[in-house]
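These notes concern the structure reproduced below.
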Amino acid sequence: MSLSTWIELIVSGLITGGIYALIALGLNLQYGLMRILNIAHGEFLLVGAFLTWMVHTSFGLSPLLMLPVTFGLLLLLGWVLHRLCFRPLTQTSPNLDVFEARGLMVAFGLMFLVKSFVTYVWGGDIRGYDYMSQPVNLGFGQFAANKLLIFGLALLFCAALIVLLRLTLLGKGVRALMQSPMGAQLVGIDTKRLHPLMFGIGLGLSGVAGVLLSMAFTISPDMGQAYTITALIVIALGGFGSMGGALVGGLLLGVIEAIAMHFTSPSLKALLSYLVFIGVLVLRPEGLFTRKGRKA
Amino acid sequence: MNSRQTLLRDVLILFAFAGWAVALPGFASDFVLSLALTCLMYVALSTSWALFCGTTRYLSLATAAFFGVGAYTSALLVETWPWWQVVALGALVAALLAVFMGALVLHLRGTYFAILTFGMTELIRHTVTFYESTVTGTVGRMILVAPDSKTVYYTVLLLAVAAVATSIVVRRTRFGLAMRGIGSDEQRAQTLGVDTRLVKIGGFALTAAFAGAVGAAMAVRWTYIDPTTVFNPFIGFQTVLIALIGGAMTLWGPLLAAILFSILAETLRLQAPELYMMSLGLLLILFVLYLPGGLASVRWFMLHAAWSALREGWRVRRYRWSGQQARDEARARQRARERRHV
C-alpha cells in the first residue's frame, strides 16, 4: 500500500471522526453535567438532517443557512424538554441513581417519539441531495469539497464549545457543576438556569451534526441509533466529562474505523464498533465513564 | 390479608385467567386468537422480566437477545426434534447465554448495566447477520415444517402461566427475598450473608430461560426468520415498557399492562404504525414522570380523589362559563352600593 492511500484513508477517517466528535461532545455535556444518558441524542440529529433536506430540496436554500436555524430550534426544543421532563424528574427522584435510571427510561421514550415522528413526517426512505460535491485537489489527494467543508465546520463547532467552556464565566460555572454539584450551588451557581441551557446546547450540537451529515451523506430515519452508539463509544474512549477527550476520541474512532474497514469489509463496521464499545466498558469501566474517586 | 390469603387470591386469579385462555380457541375468531397469542407472549416476557429486573432493579434490555437465540434454536431444530424438546432447548440455550453475559456484566449497576445489555444484544444480532451472510450465504431461514397454530397457542399459554406461577412461588422463597434485598440495598444484603453474585446470575438465567422458550415457541409462527426480526431490540423495549407501565415491582401489573398493550398494538399498529410508536414513547415518558409505581400502584382512593377533583373543577368552570358567576358578582356589587346609599 502506497503512502498516498494511507493519507487518503486517514483523512477520510478524520472527516467522519469530526462528526463523531461533534455528536459525542453534545452527549458528553448532557451526561457529564446532568447525568442524563440521552439515548435519543442521535434521533435529534435526524430532525436537523431531514429539516435541512426538506428546506434545501423545496426552497433551494443553502444548507449553511440552516446551521444557525437548526441550532436555535433544537436549543429551544431542548430547553422545553428539560423543563417538561427532566426537571420534574430531578424533584421527585430520591437519589441520583434513581434519577439516572428514570432519566434513561424517559430518554428511551423520547427516542421512540422522535424517530416515529421523523418517519411519520418525512417517510422512511433514504434521502440525499447534491451540494458542493466537486473534487478539490489538496496536493496529497483528491477530496470532495463538501466533505472538507464538513470537517472544517465540525472542528469549528467543537472548538467553539471548548472555548466557551474554558474561557467564559458561563463555562466556568458549567465546569464547576461537573466537578461538584453541591459546591457549585453553594458558591451561587444557578443550576435551574444552567441545566436547561446546557441540555439545549447539547441537542443543538446534535442538530448541527445532522445538517453537516446531510450535506455529504445519504440520510434515513434508521441511522439515529447508530450515531448514538458511536457517541457513547467516543465518550467511553475519551473519558467521561472530558471535552478534549471526546474530541480526540471522536477523531481517533473515525480513523480506526476507516482503516479497519479498508482491511476487512464494510459489513463488519457495526460489529466492530459494538465490540470496541463492550470491550472498553467491560475492561475499563472506571476512569473512562465515571468521575475520579467514584466507583461504578 | 395475611400471606396465606394472598397466596390463595393470587392462585385463584391465575386459575381464572388461565381458564379463559384455555377456552378461547373453542369459540374465538382467528383475529382474536392471534391477539391473544401476542398478549400471552408479552405476559410471559414481561412477568419473567419483572421477576428479576423489577425486584433487583437491574434494568436489562437483553430480552431480545434471549428471544432471538431461542427463535434460532427452534428454526434449526424444529424439523427434526420433538416439539417440547425444541422449546426446552431454546430455554436452556438462552439461560446459558444469560449465565455467560451475567458473569461478565452483573457487577455493574444502573445505567451501565442497561447500556451494556443493549450493546450485547446488538452485538449478537450483528454477529449472527455477519455469520449468516458470509459463512452460510443466506440472510434468514425458512421454517417449512411447523406444528399447527393451536399447539403454538397452548405452548405459549403454558409458558405464560408458568411465568406467573414461578413469580408467585419465587416471591415466597429465600431466593425471592434475596433478590428483593439486592433491590433495596445490595451492600446490606451482602453483609447479611446473601451470595449476591450467585443470586443475580441465577435470577438473570431464570428470566432468560422464559424469554428463550417464548422465542422458540413463537419462531414457528413466522415461516421465515432473519436476525432483524427475531433480535429486534423493540421486543426488549416493549417488554420493559409493559413491565414498567404495569408496575415492575408487582405481580399482576405486567399482566394487566400486557393485555392493554396487545389490544392497543393490534388496533393501532396496522393503521398507523408511527402513531402507535409515538404513543408508546409518550406513554413511557408520562408513566415514568407521574406514576413511577405503574398501573398496579393505583388505588381506589387515588381514583376517587382524582374523580372528585375533576368534578369540583368542572363545577367551578360551569359556574363561570354559564354566566352565573358574573350575575352573582354583579348582584353583590349592586347590594353593596344600595347599602352605602341607605
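Between A:LEU84 and B:TYR154, what is the label-to-label distance in nm when each label sits 7 Å out along the Cα-to-Cβ direction?
5.0 nm
Given the C-alpha centroids of the range A:55-69 and the range A:142-198, what is the distance between them in whole angstrom?
With the range A:55-69 and the range A:142-198 each reduced to a Cα centre, they are spaced 25 Å.
Rounded to the nearest 0.05, what FRET efficiency do A:PHE59 and B:ALA306 give with R0 = 41 Å and r taken as the Cβ-Cβ distance? Could you check?
Details: r = 48 Å, r/R0 = 1.17.
My answer for the efficiency is 0.30.
Under 5 Å between amide H atoms, partner at least 5 residues away or on a different chain: which partners does A:ALA144 have, H built in plane at 1.01 Å?
Here A:VAL136 satisfy the definition.
Which of the three applies to chain B, rounded, prolate or oblate, going by the alpha-carbon gyration tensor with a ≥ b ≥ c and a/c under 1.5 meaning rounded?
Working: a/c = 2.20, a/b = 1.81, b/c = 1.21.
Prolate, because a/c is 1.5 or more and a/b exceeds b/c.
How big is the gap, in Å, between the Cα center of the range B:171-196 and the Cα center of the range B:264-342?
43 Å
With a sphere of radius 15 Å drawn around the Cβ of B:ARG221, what net charge do the other residues whose Cβ falls strictly inside it have (Lys, Arg +1; Asp, Glu -1)? Spell out each step's value before the answer.
Working: positive: B:ARG141, B:LYS150; negative: B:ASP30, B:ASP148, B:ASP226, B:GLU266.
Charge balance in the 15 Å sphere: -2.
Springs between alpha-carbon atoms under 10 Å, Gaussian network over chain B: tell me which of B:MET101, B:MET302, B:MET278 tops the mean-square fluctuations.
Of B:MET101, B:MET302, B:MET278, the Gaussian network model singles out B:MET302 as fluctuating most.
Give me the dipole magnitude in Debye, nearest 20, for the range B:301-341 about the Cα centre, with unit charges on the beta carbon: positive for Lys and Arg, negative for Asp and Glu.
Details: 12 positive and 4 negative charges, 57 e Å.
Approximately 280 debye in magnitude.
Sorted by average packing, counted as other Cβ atoms within 10 angstrom per residue and highest first, what order do B:66-73, B:172-179 take?
On the way: B:66-73: 29.4, B:172-179: 17.0.
My ranking of the peptides, most packed first, is B:66-73, B:172-179.
Would you mind counting up the charge near B:THR196? Only other residues with Cβ under 14 Å from its Cβ, with Lys and Arg at +1 and Asp and Glu at -1. Provide the component values of the computation, followed by the final result.
Details: positive: B:ARG57, B:ARG109, B:ARG174, B:ARG180, B:ARG188, B:ARG197, B:LYS200; negative: B:ASP185, B:GLU186, B:ASP195.
Result for the local shell: +4.
Tell me what chain B gives for mean residue ellipticity at 222 nm when only DSSP H runs of n ≥ 4 count, each as -39,500 (n - 2.57), the sum divided by the residue total, rounded to 500 deg cm²/dmol.
On the way: 15 runs with 261 residues, N = 342.
One gets -25500 deg cm²/dmol as the mean residue ellipticity at 222 nm.
For B:LEU177 and B:HIS107 in one chain, what is 0.36 nm times their gap in residues minus the Cα-Cα distance, to one decimal in nm? Walk me through the numbers before you get to the answer.
Working: separation 70, 0.36 × 70 = 25.20 nm, distance 1.95 nm.
Working it through step by step, the gained length comes to 23.3 nm.
Using r as the Cβ-Cβ distance of B:ARG188 and B:LEU77, and R0 as 56 Å, what FRET efficiency do you calculate, to the nearest 0.05? List each step's numbers first, then the result.
Numbers: r = 45 Å, r/R0 = 0.80.
Given R0 = 56 Å and the Cβ-Cβ separation, E is 0.80.
Please compute the contact order of the range B:3-298 in relative form: average sequence separation of alpha-carbon pairs under 8 Å and at least six residues apart, divided by the residue count, as a percent.
Details: 423 pairs, mean separation 98.3, N = 296.
Relative contact order for the range B:3-298 comes out at 33 percent.
Partner chain Cβ atoms within 10 Å, averaged over the residues of B:127-139 - can you pull that number for me?
Details: counts 4, 0, 3, 5, 0, 0, 2, 3, 0, 0, 0, 0, 0.
Counting other chains' Cβ atoms within 10 Å and averaging over B:127-139 gives 1.
Let's see if you can work this out: charge +1 on each Lys and Arg Cβ, -1 on each Asp and Glu Cβ, no other charges. What is the dipole magnitude of chain A about its Cα centre, in debye to the nearest 20?
Values: 18 positive and 10 negative charges, 199 e Å.
I would put it at about 960 debye.
Projecting each Cα onto the charge dipole of the protein assembly as shown (Lys/Arg +1, Asp/Glu -1 at the beta carbon, about the Cα centre), which of B:LEU289, A:PHE263, B:ALA243 comes out farthest on the positive side?
The Cα lying farthest towards the positive end belongs to B:LEU289.
Most fluctuating residue of B:ALA65, B:ALA88, B:ALA272 in a GNM of chain B with Cα springs under 10 Å: which is it?
Looking only at B:ALA65, B:ALA88, B:ALA272, the largest GNM fluctuation is found for B:ALA272.
Trypsin sites (Lys or Arg not before Pro), restricted to the range B:71-142: which are DSSP loop and have at most 10 other Cβ atoms within 10 Å?
Values: sites: B:ARG109, B:ARG125, B:ARG141; in loops: B:ARG109.
Passing sites in the range B:71-142 do not exist.
With r as the distance between the Cβ atoms of A:ASP130 and B:VAL32 and R0 = 60 Å, compute the FRET efficiency 1/(1 + (r/R0)^6) and round to 0.05. Write down the numbers at each step before the final one.
On the way: r = 52 Å, r/R0 = 0.86.
The computed FRET efficiency comes out at 0.70.
Springs between alpha-carbon atoms under 10 Å, Gaussian network over chain B: tell me which of B:GLU79, B:GLU132, B:GLU274 tops the mean-square fluctuations.
In the Gaussian network model the winner is B:GLU274.
Once amide H atoms are built 1.01 Å from N in the peptide plane, which residues 5 or more positions from A:ILE219, or in another chain, come under 5 Å H to H?
For A:ILE219, the qualifying residues are A:ARG127, A:GLY128.
Work from the charge dipole of the range A:3-283 (Cβ charges, +1 for Lys and Arg, -1 for Asp and Glu, about the Cα centre) and give the residue of A:LEU194, A:ALA40, A:ALA101 farthest towards its positive end.
A:LEU194
Below 8 Å, C-alpha to C-alpha, sequence gap of six or more: please give me the relative contact order for chain A in percent.
Working: 430 pairs, mean separation 117.4, N = 296.
Dividing the mean separation by the residue count of chain A yields 40 percent.
Between the range A:1-44 and the range B:63-79, how far is it from one alpha carbon centroid to the other, in angstrom?
35 Å
So what J values fall out for the range A:154-164 if you push phi through Karplus, 6.51 cos²θ - 1.76 cosθ + 1.60 with θ = phi - 60°, rounded to Hz, Gly and Pro as x?
Using θ = phi - 60°, the values come out as 4, 5, 4, 5, 4, 4, 4, 5, 5, 4, 4 Hz.
Given B:SER149, B:ASN2, B:THR136, which one lies farthest toward the positive end of the charge dipole of the protein assembly as shown, if we put +1 on the Cβ of every Lys and Arg and -1 on the Cβ of every Asp and Glu?
Going by the Cα projections, it comes out as B:ASN2.
With charges only on Cβ, +1 for K and R and -1 for D and E, what is the dipole size of the protein assembly as shown about its Cα centre, in debye, rounded to 20? Present the calculation step by step, with values, prior to reporting the outcome.
Numbers: 47 positive and 26 negative charges, 643 e Å.
Magnitude of the dipole: close to 3080 debye.
Only the coordinates and a few stated rules stand behind these numbers; no lab work does. Not measured: the values here are computed from a predicted model. All Cβ positions, glycine included, derive from the backbone under ideal geometry; neighbour counts span all protein chains shown.
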